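The values are calculated or read from the model by the stated rules, or taken from the named source; none is laboratory data. Here the structure is a predicted model, which means the values were calculated and not measured. As a convention, Cβ positions derive from the backbone with ideal geometry for all residues, glycine included, and neighbour counts pool all protein chains shown.
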C-alpha cells in the first residue's frame, strides 16, 4: 500500500491551527493560574486573621512585641525590615524560620503556651539569600498585617508604612472606610497581599490589584 505524505500546504495549515489554538490556550491557562493564586491568597489571609483572633482570645492581647508603645502599626515587606512580620509569624506558627527548637524563644516572642495558631509551610522556601519556613503569599512576598495596637477599634491605613518609611502601602487618597472616615477601617486586624503586580508604583494604582481582607473578590 502506497504511503501518503502531507503536502507542504497541509503541514503549514496544521502548524497555523496549532499556533492559533496555543494563542487561545495560553491566556486562558494564565488567567486560571492567576485566579487560583488569588483564591489561595484569600484563604491564607483568612487563616492569618483567624490565628490572630484565636491568639488574642487566649492571651488578651494582639501578637505584637513593640519596642515602645506604638499607635496603629503595619508590617510591610521591605528589603531592609522584615523582622516584625517574621516575629508575628513565629508567634502564630510557634516555629522559627530555620526550623530550630522554639522553646528558648517562645517566652520572649509572647507564646508561653507553646501553641500553634497557624500552620507553617510544608517545606522551606527561599527569600532572597535566606531559606526557611517563611509564611509568604503565592507570589513569594510577605503578607501585610495591620493591627490596632492602639486599641481604639480602628486602623488608619492612609498612614501605613514600613519601619523605614520608604515603602508606602499607597492607600492614601484611596477611600477604604466610610464616607465620614475614608482612611479608617473599623476593627482590630486587617491583612492584604500586593497581588500579582506587586506594590503600587503610584497613588492611582493603589488597591487595584491588592488582595485585601476588607474587600470581596472581583
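Write out, first by first residue and then by second, each pair whose Cβ atoms fall under 8 Å of each other, whose residues are 6+ apart or on separate chains, and whose first residue, in region 19-36, is on the phi < 0 side of the Ramachandran plot and in a helix (DSSP H, G or I) while the second is at pLDDT below 75 and surrounded by 10 or more Cβ atoms within 10 Å (Cβ to Cβ).
Every condition considered, no pair remains.
Search region 129-153 for residues being part of a strand (DSSP E or B) and in contact (Cβ under 8 Å) with a residue 24 or more places away in the chain, and hand back the single one that is farthest from residue 213 (Cα to Cα).
130
Looking at (1) closer than 18 Å to residue 61 by Cα; (2) modelled with pLDDT under 85; (3) under 16 Å from the mean Cα position of the chain (by Cα); (4) outside any helix (DSSP H, G or I), find the lone condition where residue 126 falls short.
If we test residue 126 against (1) closer than 18 Å to residue 61 by Cα; (2) modelled with pLDDT under 85; (3) under 16 Å from the mean Cα position of the chain (by Cα); (4) outside any helix (DSSP H, G or I), just (1) comes out false.
Whether any residue in region 88-97 is at pLDDT 65 or above, touching a strand residue (DSSP E or B) at 6+ places or on another chain (Cβ under 6 Å), over 27 Å from residue 156 (Cβ atoms) and crowded, with 19+ Cβ neighbours inside 10 Å is what I want to check. Don't jump to the end; show me each part of the working.
Step one: list which residues in region 88-97 are at pLDDT 65 or above, which gives 88-97.
Next, from what is left, pick out any that are touching a strand residue (DSSP E or B) at 6+ places or on another chain (Cβ under 6 Å): 97.
Within this subset, residues satisfying the condition of being over 27 Å from residue 156 (Cβ atoms) are 97.
Applying the additional criterion that residues be crowded, with 19+ Cβ neighbours inside 10 Å yields 97.
Yes, region 88-97 has at least one match.
Take residue 74 and decide whether it is in contact with a helix residue (DSSP H, G or I) (Cβ under 9 Å, 6 or more places away or on another chain), outside any loop (DSSP other than H, G, I, E, B) and at pLDDT below 85. Spell out how you get there, then give the answer.
Numbers: in contact with a helix residue (DSSP H, G or I) (Cβ under 9 Å, 6 or more places away or on another chain): yes; outside any loop (DSSP other than H, G, I, E, B): yes; at pLDDT below 85: yes.
Spelling it out, residue 74 is indeed in contact with a helix residue (DSSP H, G or I) (Cβ under 9 Å, 6 or more places away or on another chain), outside any loop (DSSP other than H, G, I, E, B) and at pLDDT below 85.
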